[in-house]
Ligand SMILES: [Zn+2]
C-alpha cells in the first residue's frame, strides 16, 4: 500500500543510509527536469527545462531513475506523489546564516556594515554560532532551499547547524586583513588550516571566502585564490558591493574592485562575485570573460544601497545567480521571492531581453550556482545520477492554469507551495515540519543565543 504524500506522519527512514541502497519510489508526480548542461561553453543561465509526468526512483542519496509514465520498480518505500510538483532543491549562493540575530535591526541605517555589523560581530563567540544559525536555516528549508553558500566567522558552528538539520552547505571562513570584524593575516592562516583539517560529512564542504576587495589586500587575495584553484574549491567574495568599496579600492590600489580581483587571479568559473552594485559596464565584461558568476541579491541591495545595474548584467551575458544575503539586509531567506523581485525590477527597468525570464530566474537558483560550486549535474537538477535534493510543492490551483509552469512557480505559487523537502535522499521537511529535529528546542536555543549577543553588544531588542 503506497504512502500518500498528504499524510501527516513522515515516512519512516533509515537515518544512516545516505550512501546505502535504500530505494524510495515516488509515483505520479509532475517533475521539473532539465537537459544536462552542455559543459563549460554552455551559454550562461540556459538549459532546457520542462515539466513531465512521471515517477522518481531514489536509491541512497541519488536519483537513479526518472521514469516517464508509470514504473514497475520495487522499492523499500512507495509514495504516491499525486498532486505534487517536484523541483530541484534550490541553492541560495550567498548567505550569512548566523546573522539571523540581526533580523529587523538593519533598516534605515547608513554605513551599516562599518558602523553596525562589524562592531556587533566583534561580540560573537564560537559557541553562539550554531544556535544563531537556526532561524535562518529553518526558514530556508521552508522556502525550498536545500543548499546554501555561507560566508561568515567561526564557520564551524554553521557547519554543525547544517549537519544537525541535514542540509547541504558550502561554507567559508571570512578572511580579511585590511578591515572587517576580525582583520589580520591570521584570519587566512586559520581559514586555510580549517580547510586542511576539514572533518564534516559530504553535506558540508569548504569554500574560500575573502571578505571584499577593500578589506582584503592583494597579497592575501592572490594567495587565497591560488589555494582555492589548487584545491578545486569555490572562491566566494563580496565584490563591488558598495560605492564606498569602489572608492577605497580606487585609492588603495588604483583600480576597480573587479580589476583588482582579476589582477589577483581571483576570478574564474568557480568564483561567486557577490553584489556588483558599484560595478561599471567594463567590469561586467571582464567578469564575463573570466567565467565568474555575478551574484545579485535584489532585496538586500535595495535595502542597503541600490540594485546592481541589471542592464549591464543583461548586455554582458555574464553568468548570474540570485541570492538573499543576510537577515540584516533582507530579513527573509526566501530565494524564490527574490527571483520574483528581480524579474519585476528588470521589467521596471525596461530590460527587453529574455535575461530575467522565469527559466533564467530558476536557473539562477539551481544550475548556475551549482556550476560555480563545482556541482554541475549533481545539484540544481533532477535527472538520473543527480544528488537527491528535491523539493515537493503542492501542485494546486496556484499552479493553474498550467500554461507556463515556471512563471506560475515564480510569480504565483512561490515558496508557499513547499510541502516536503528531501536532501541527500532523506526527508528533512514533511508537511512543512522538520523531520527528526525538535523545532521548539532549536527556537529555545536561538532565543538564548540572541539574548546573549544583545547583552554583549548593548543593542536594544
Ligand atoms: Zn553578504
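Taking only DSSP H segments of four or more residues, each worth -39500 (n - 2.57), what value at 222 nm results for the chain once the sum is divided by all its residues, to the nearest 500 deg cm²/dmol?
Rounded to the nearest 500, it is -9000 deg cm²/dmol.
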| query | How far is helix 439-457 tilted, in degrees, relative to the longest principal axis of the Cα atoms in the chain, given as a value from 0 to 90 rounded to the nearest 10? | reply | 10
| Considering only the chain, what is the antiparallel percent among its DSSP beta bridges, to the nearest 5? | 45
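Sort 336-343, 364-371 by the packing proxy (mean of other Cβ within 10 Å over each peptide's residues), most packed first.
364-371, 336-343
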| note | Between residue 186 and residue 4, Cβ-based FRET efficiency (R0 51 Å, step 0.05) works out to 0.40
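Among rounded, prolate and oblate, which fits the stretch 105-230 when a ≥ b ≥ c are the square roots of the eigenvalues of its C-alpha gyration tensor, a/c under 1.5 means rounded, and a/b larger than b/c means prolate?
In terms of gyration-tensor shape, oblate.
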| Tell me, what is the percent relative contact order of the stretch 90-372, built from C-alpha pairs under 8 Å that lie six or more residues apart? | 20
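Give me the number: length gained by fully extending residue 378 to residue 122, i.e. 0.36 nm times residue separation minus the C-alpha to C-alpha distance, one decimal in nm.
Additional length available on full extension: 88.4 nm.
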| Rounded to 10°, Cα long-axis angle of helix 186-196 versus longest principal axis of the chain | 30
| task | Just report the Cα centroid separation between the stretch 287-359 and the stretch 415-461, whole Å. | result | 27
| message | Rounded, prolate or oblate, given the Cα gyration tensor of the stretch 343-413, with a/c below 1.5 counting as rounded? | response | oblate
| request: For residue 226 and residue 438, compute 0.36 nm times the residue count separating them, minus their Cα-Cα distance, and round to one decimal in nm. | output: 72.1 nm
| said: I'd like the orientation of helix 156-165 relative to the chain: the angle between its Cα long axis and the longest Cα principal axis, in ° from 0 to 90, rounded to 10. | reply: 10
| note | Note on the chain: alpha-carbon gyration tensor, axes a ≥ b ≥ c; rule is a/c under 1.5 for rounded, else prolate if a/b larger than b/c, else oblate; result prolate
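Laboratory data are not the source of any read-out in this text; all were calculated from the coordinates shown. Predicted, not measured: the structure shown is a model, and the values here were computed from it. Methodologically, a virtual Cβ is constructed for each residue, glycine included, from the backbone with ideal geometry; neighbour enumeration extends over all protein chains shown.
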